[in-house]
Amino acid sequence: MSTVMAAFSLWNHPAGPKTIHFWAPTFKWGLTIANVVDFSKPHESISYPQQIALAASGLIWARYSTIITPKNWNLFGVSLGMSATGIGQLARKAWHDYYSEKNTTKAEE
């Protein structure tokens, strides 16, 4: 009986599946997954402005999701993931643009 009550309380939760507060972060996972897939692409195709926007908005929304009532842990998780992948992509792009061996040999010539 407790399993039924837990499912019922999840269904009626203020951030549950009956509200946009559940579905918006759920669809936002698509952006995070797409950014993870982009790790297989060459670094030349990565955009600094796009990754800065993803990382910054992820950090902002992660903070916001812990302040609002009710706390939206789905939004927190996806925002944290989005900022982590954005920061990872920025680090990868910066490494290839400024610190890779190919770029240091060009600077020495």
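Points worth noting:
- Against the conditions (1) surrounded by 14 or more Cβ atoms within 10 Å (Cβ to Cβ); (2) over 19 Å from Leu90 (Cα atoms); (3) hydrophobic (A, V, I, L, M, F, W, C), Leu54 satisfies every one except (2).
- The residues of region 45-59 that are farther than 10 Å from Ile87 by Cα, among the polar types (S, T, N, Q) and part of a helix (DSSP H, G or I), listed by number, are Ser45, Gln50, Ser57.
- Condition met for Ala62 (part of a helix (DSSP H, G or I) and exposed (fewer than 14 other Cβ atoms within 10 Å of the Cβ)): no
- Among the residues of region 10-42, those that are modelled with pLDDT under 85, open to solvent by 70 Å² or more (accessible area, probe 1.4 Å) and assigned to a helix (DSSP H, G or I) comprise Leu10, Trp11, Ile20, His21, Trp23.
- Residue match in region 74-81 (condition: within 21 Å of Ser9 (Cβ to Cβ), open to solvent by 30 Å² or more (accessible area, probe 1.4 Å) and in contact (Cβ under 8 Å) with a residue 12 or more places away in the chain): yes
The values are calculated or read from the model by the stated rules, or taken from the named source; none is laboratory data. Since we're looking at a predicted model, the values are computed, not measured. Glycine also receives a Cβ, built like all others from the backbone with ideal geometry; neighbour counts cover every protein chain displayed. Side chains are part of the model used for accessible areas, which takes the heavy atoms of the whole protein and leaves out ligands, DNA and RNA. Shrake-Rupley method; radii C 1.70, N 1.55, O 1.52, S 1.80 Å.
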